[in-house]
1. Which part of the range 44-58 falls in the paramagnetic zone of D159, meaning amide N under 17 Å from the point 7 Å along Cα-to-beta-carbon?
2. Sort Y169, Y132, Y55 by Cβ crowding within 10 Å, fewest neighbours at the top.
3. Could you give the length gained on full extension between R147 and R166, defined as 0.36 nm per residue of separation minus the Cα-Cα distance, in nm?
4. Sorted from largest to smallest, which semi-axis lengths in Å does the alpha carbon gyration tensor of the range 37-169 give for its equivalent ellipsoid, taking the root of 5 times each eigenvalue?
5. Tell me, what ³J(HN,Hα) does each residue in the range 101-118 have, in order and in whole Hz, if you take phi through Karplus 6.51 cos²θ - 1.76 cosθ + 1.60 with θ = phi - 60° and put x for Gly and Pro?
6. Rounded to the nearest 0.05, what FRET efficiency do A50 and Q81 give with R0 = 30 Å and r taken as the Cβ-Cβ distance? Could you check?
Amino acid sequence: MAGFGDFVGKALQVGLDMLTSTEEKGPGQRDAAGPPAPGGVRTVPSSERARQISYAPDLDGAADPGEIVWTWVPFEEDASQGKDRPVLVVARAAEAGELLGLMLSSQGHRADDANWVPIGSGPWDREGRDSYVRLDRVLEVPEHGIRREGAVMPKDRFDRVAGELRSAYGWH
């Protein structure tokens with residue numbers, strides 16, 4: 001019976017590998033994005049998704065640039081694991097139904113990291129802690145992966161984030 005257990009284990013592994021593998025990339029296809037995370041979220045260097053950025057929140061049930069939403073975000077060390085966290089929507093992706101967002105953190109040690117910009121506190125954090133936005137990695141988030149709308153970021157704070165993306169990562 002051990003042979004059958006080995007067979008089932010190998011079959012499951014092959015199936016999982018097929019589900020999580022990425023196709024061979026052809027010319028012009030992106031290559032810096034990691035494999036899709038279980039929630040469909042991908043992380044990509046911000047400079048590779050540089051585009052027009054503008055503040056356009058509209059609490060209409062659809063996520064828009066300038067809004068902070070909650071979604072599942074993969075851990076950098078292991079994309080098969082992650083957690084729900086707030087994300088600042090900064091643009092729409094080239095793919096229909098996808099958003100570009102930047103991860104938020106309330107960990108104070110981010111204050112000394114050049115890849116993070118402070119945005120202060122807001123209604124996206126129940127405890128009212130100061131938050132930081134990660135600039136160097138953009139998240140490609142399917143709209144269906146948004147768990148809930150959290151808040152609208154004040155325009156002056158969004159403009160600070162947008163200015164950093166423009167000056168350091170080629171956004172416009």
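1. Counting backbone N atoms under 17 Å from the label point, the list is 53-57.
2. Working: Y169 16, Y132 22, Y55 19.
The order, fewest Cβ neighbours first, is Y169, Y55, Y132.
3. The span from R147 to R166 would gain 4.0 nm if fully extended.
4. Values: eigenvalues 68, 57, 53 Å².
Gyration-tensor ellipsoid for the range 37-169: 18, 17, 16 Å.
5. Each residue of the range 101-118 in turn: x, 10, 5, 9, 9, 10, 6, x, 5, 5, 4, 9, 9, 5, 7, 10, 10, x Hz.
6. Numbers: r = 29 Å, r/R0 = 0.95.
E between A50 and Q81, to the nearest 0.05, is 0.55.
Values in this text are rule-based calculations from the coordinates and carry no lab data. Here the structure is a predicted model, which is why all the values come from computation and not from measurement. Neighbour counts run over all protein chains shown; Cβ positions are idealised from the backbone, glycine included.
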